[in-house]
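Please read the structure below before turning to the comments.
The values are calculated or read from the model by the stated rules, or taken from the named source; none is laboratory data. The model shown is predicted, which means the values in this text are computed figures rather than measured ones. Here the Cβ positions follow ideal geometry from the backbone for every residue, glycine too, while neighbour counts run over all protein chains shown. Keep in mind that these areas ignore ligands, DNA and RNA; they rest on the heavy atoms of the full protein, side chains included. Shrake-Rupley method; radii C 1.70, N 1.55, O 1.52, S 1.80 Å.
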Amino acid sequence: MTNSESKNFGLSEEQFSRLLEQLHQGDETLFEHAFLQHFSDCRNYLEREDGVKEDLAYDATMDAFLAFREYLGRGKIGYGNLRFLLTRMARQCLYKRLGKERDVSMESAQIPEPLAEEELEESSLETLQEGWRLLDQKCQRLLRKIFYAAIPMVQIARQEGRKETAVRKQKERCVQKLRGVMAGTN
Amino acid sequence: MTEKFSDPNLDPQEEDKIIGAFVRRQAREKLRERWAGVLEKDFGVQRTPSKKKGVVLFDRTTKIRRVILGVVAAAAVALILIFAVPRLTAPNLNTLTAELMLEPPVSSFRSGAVVTTIDSLRDLAASLVAGKNFGEAVKTMRLATVESEVTSPDRLYHGYVELNAGNESAAAQIFREIMNNDPLYRTHATFYLALSLLRSGNDGEGKELLRSIRKEDGKKFFDKAARLLKAR
């Protein structure tokens, strides 16, 4: 393994590009294969460095892996020193769980800014979940591609052999359906 | 917030913010659950809830007692296993390798949404393997591995069908190449190379490779390697 691959979880630059392509197609296989094997190293690192219990270290590591996957999908993380970055993100997630202030020294790791999220109240969340459960699979898949995988609509159109306007219209229909389904459950 | 979302005149950007936040939350929860399962099954990593404070003293005494009893019991069992139960109960190596080599090295290696030529070949190979037609599967995977989009999982699968078609040398060559060149699939390739060598009678190198697989490389292969090393 080269030094570069070692810093990047054994991935060559080519494999990293392939991983990103797969994520854009909604395929988690290579990501899970490449990264989950390092989960326990990351968790052990947090336990050792910050003296926290196993379950807290596990949860913070899981938070970091989830965020890492999202940032990769959105193109916010590039090939270089993925191992260092993920470890720093894990500590950041741990501090967040502990309610501590973010350590200034971590700024140098160039951790992407967390996504600014709308606050979802518990009662609203329940209604949305019920509405989502009643939404058809095609709509769920499309909305996940757009909002979670952050795949641009033009790319979704290309993947599915359709026009971008058709994808856009489908998205609007799905949102209307979700509204309709929620109105029925409220 | 749901009242806000129900408003048909809601600004599209606001609408996207709400849906986006919800969809991402759903997706994360689903992935969290899925990865917890994969971590436990493939890597032996579990989330162990920590004990509450206030019962530490009682727990410590009980713990020490339990540890001592555990050590004594383990020593007794070890002695019995070493002296009283010979390797007659160990599984047969040949039978075990035949069983383990039937398990494919990778579960999924499709490209994704768009079907490519190599995808068609992968699908064909998988259906031939399902029908235990390894001979034809070999021909199919030989075609697949000359395609430009060929991946290491494809090569692993090629080696796997060669092995099950009785072509141990060809399989060994494929797995050795992956083992030496792709750190991401090194453990898979090491295990299947070991199987190929054991099947062709090269027990020495085969077992050495099995011993080189560590628990950190993946519980699944570590456990399988351990089973093979115990077999006679």
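The set of residues in the range A:5-28 that are in a helix (DSSP H, G or I) and open to solvent by 50 Å² or more (accessible area, probe 1.4 Å) comprises A:K7, A:E13, A:E14, A:S17, A:R18, A:E21.
Apart from one condition, B:N94 fits all of (1) at pLDDT 85 or above; (2) part of a helix (DSSP H, G or I); (3) over 17 Å from B:R232 (Cβ atoms); (4) open to solvent by 50 Å² or more (accessible area, probe 1.4 Å); the exception is (3).
B:S169 meets the stated requirement of being open to solvent by 60 Å² or more (accessible area, probe 1.4 Å) and not basic (K, R). Filtered by the rule that a residue be modelled with pLDDT under 65, open to solvent by less than 100 Å² (accessible area, probe 1.4 Å) and charged (D, E, K, R), the range B:40-91 gives a lone residue, B:D59.
Condition check ((1) surrounded by 19 or more Cβ atoms within 10 Å (Cβ to Cβ); (2) under 19 Å from B:Q26 (Cβ atoms); (3) more than 10 Å from chain B (Cβ to nearest Cβ)) across all residues:
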{"residue": "A:L120", "(1), (2), (3)": "no, yes, no"}
{"residue": "A:L128", "(1), (2), (3)": "yes, yes, no"}
{"residue": "A:G131", "(1), (2), (3)": "yes, yes, no"}
{"residue": "A:Q140", "(1), (2), (3)": "no, yes, no"}
{"residue": "A:K145", "(1), (2), (3)": "yes, yes, no"}
{"residue": "A:I156", "(1), (2), (3)": "yes, yes, no"}
{"residue": "A:T165", "(1), (2), (3)": "no, no, yes"}
{"residue": "A:K169", "(1), (2), (3)": "no, no, yes"}
{"residue": "A:R173", "(1), (2), (3)": "no, no, yes"}
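Scanning the range A:124-164 for residues that are free of Cβ contacts under 8 Å to residues at least 40 places away in the same chain and of a type in the set (S, T, Y) yields a count of 1.
Being of a type in the set (S, T, Y) and within 14 Å of B:V106 (Cα to Cα): is that true of B:T140 here?
Values: of a type in the set (S, T, Y): yes; within 14 Å of B:V106 (Cα to Cα): no.
No.
With respect to (1) more than 9 Å from chain B (Cβ to nearest Cβ); (2) over 24 Å from A:R74 (Cβ atoms); (3) crowded, with 20+ Cβ neighbours inside 10 Å; (4) of a type outside the set (D, E, K, R), the lone exception for A:G180 is condition (3). Scanning the range A:67-84 for residues being assigned to a helix (DSSP H, G or I) and either in contact (Cβ under 8 Å) with a residue 40 or more places away in the chain or open to solvent by 20 Å² or more (accessible area, probe 1.4 Å) (or both) gives a total of 9. Of the residues making up the range A:31-66, those that are more than 8 Å from chain B (Cβ to nearest Cβ), part of a helix (DSSP H, G or I) and open to solvent by 10 Å² or more (accessible area, probe 1.4 Å) are A:H38, A:C42, A:N44, A:Y45, A:E47, A:R48, A:E49, A:D50, A:D63.
Which one of these is within 14 Å of another protein chain (Cβ to nearest Cβ) and either part of a helix (DSSP H, G or I) or at pLDDT below 90 (or both): B:L184, B:L209?
On the way: B:L209 fails: within 14 Å of another protein chain (Cβ to nearest Cβ).
None of the others qualify; the one that does is B:L184.
What number of residues in the range A:155-186 are in a loop (DSSP other than H, G, I, E, B) and among the small types (G, A, S)?
The initial filter retains those residues of the range A:155-186 that are in a loop (DSSP other than H, G, I, E, B), namely A:161-163, A:186.
After this cut, where a residue has to be among the small types (G, A, S) as well, the list is A:161.
Residues that pass the stated criteria total 1.
Pairing each residue of the range B:25-43 that is touching a residue at least 60 places away in the same chain (Cβ under 8 Å) with any residue that is of a type in the set (S, T, N, Q), provided the two are 6+ apart or on different chains, yields C-beta distances under 7 Å for B:F43/A:Q37; B:F43/A:S40.
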